[in-house]
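Let me begin by presenting the structure, written as structure tokens, before commenting on it.
The values are calculated or read from the model by the stated rules, or taken from the named source; none is laboratory data. Owing to the predicted nature of the structure, the values given are computational and were not obtained by experimental measurement. Cβ atoms come from the backbone with ideal geometry, glycine included; neighbour counts cover every protein chain shown. Please note that ligands, DNA and RNA were not included when accessible areas were found on the heavy atoms of the full protein model with its side chains. Shrake-Rupley method; radii C 1.70, N 1.55, O 1.52, S 1.80 Å.
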Amino acid sequence: MVAEFERYIKENVKLSDGDLELIRSVAVERTVRRKQLLLEEGEVCRHKIFICKGLLRTYRTRENGSEHVMMFSPETWWATDPESLNNQTPSLYYIDALEDSEVLLWTKKDFDMLCAQIPALKAYSEKLISINLNLGRQRIFSALSATPEEKYDEFVASYPNIFARIPLHMVASYLGVSLKTLSRIRQAQLKR
């Protein structure tokens, strides 16, 4: 598990062997079964999660039980609830595994210590936060202005390697369309 993370981090951040060892020393390896929760609504988020293998999703539910997928996190992506983690407040979200997955976890305290001691990791973490803020804004703009077909095309472009791994009802939830609408769009795409 750690080898996947090391490959990823070396591609993105210039770190010394000592830095890597420190990061490794506070990481917790965990195997997560399909459908297993890593975070539940009402809990305080305790970890930053790096996905070495598998697929996670972050979602929220309404009072009627309907699920609204906010994000999918495949291999070499991160998952967390930043507001809950940083403010130590109850989360509004769930994070679960869509497949058997292998993840690395860092507590807030440990990740804060790593960022304080490894400036390059802190800079990279800030870069990821900026990228995610921008993606969130783009997603909001798309939700407000794009047609269902445009949302579908954006989803396929954003998640090209995992589309086949996600149940269609979750794709529909992510897009904010009905399963019937998604099926219609997919049929029209196949005819092109």
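Where the accessible area of segment 43-192 is counted over protein heavy atoms with a 1.4 Å probe, how much of it, in %, is carbon and sulfur? Spell out each step's value before the answer.
Details: 4710 of 8470 Å².
The value for segment 43-192 is 56 percent carbon and sulfur by accessible area.
Please give the calculated 222 nm ellipticity per residue for the chain, where each DSSP H segment of at least 4 residues contributes -39500 (n - 2.57) and the sum is spread over every residue; nearest 500 deg cm²/dmol? Mind showing how you got there, number by number?
Numbers: 8 runs with 96 residues, N = 192.
Helices in the chain give a 222 nm mean residue ellipticity of -15500 deg cm²/dmol.
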_Please list, in order along segment 130-140, the HN-Hα scalar couplings obtained from phi with the Karplus expression 6.51 cos²θ - 1.76 cosθ + 1.60 (θ = phi - 60°), rounded to whole Hz, x for Gly and Pro._
4, 4, 5, 4, 5, 4, x, 5, 4, 5, 4
*asked:* Helix 108-117 against the longest principal axis of the chain: what's the angle in degrees, Cα atoms only, rounded to the nearest 10?
replied: 60
*Out of residues 5 or more away from Asp100 or on other chains, whose amide H comes under 5 Å of its own, with H placed 1.01 Å from N in the peptide plane?*
Arg34
_Pairwise label distance in nanometres, Gln138 with Tyr159, each label 7 Å out on the Cα-Cβ vector_ = 1.5
*Two-decimal log10 I(q)/I(0) for the chain, as the Debye equation yields it once each C-alpha is a single scatterer, q = 0.09, 0.13 Å⁻¹*: -0.37, -0.75
*asked:* Taking every alpha carbon pair in segment 90-192, what does the distance histogram look like in 5 angstrom bins from 0, in percent?
replied: 2, 9, 14, 18, 17, 14, 11, 7, 4, 2, 1
*Which FRET efficiency value, to the nearest 0.05, is calculated for Glu11 and Leu190 with the Förster distance at 45 angstrom and r the Cβ-Cβ distance?*
0.80
*Surface per residue (accessible, 1.4 Å probe) for the chain, Å²*: 58
*Take a quick pass over segment 74-183 and tell me how many lysine pairs come in under 18 angstrom between Cα atoms, counting only ones 8 or more apart or on separate chains.*
4
*segment 44-136 - Rg (one decimal) and Dmax (whole number), Cα, Å*: 13.8, 46
*Would you mind working out the magnitude of the charge dipole of the chain relative to its Cα centre, with +1 at each Lys and Arg C-beta and -1 at each Asp and Glu C-beta, to the nearest 20 Debye?*
640
*Extension gain Lys35-Leu168, at 0.36 nm per residue separation less the Cα-Cα distance, in nm?*
46.3 nm
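Let me check I've understood the local charge: for Ala172, count other residues with C-beta under 12 angstrom from its C-beta, Lys and Arg +1, Asp and Glu -1. What total comes out? Present the calculation step by step, with values, prior to reporting the outcome.
Working: positive: Lys151, Lys180, Arg184, Arg186; negative: Glu67.
Result for the local shell: +3.
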*How large is ³J(HN,Hα) for each residue in segment 40-52, as worked out from phi by the Karplus curve 6.51 cos²θ - 1.76 cosθ + 1.60 (θ = phi - 60°), to whole Hz, x for Gly and Pro?*
10, 3, x, 7, 7, 5, 10, 9, 8, 10, 10, 8, 7
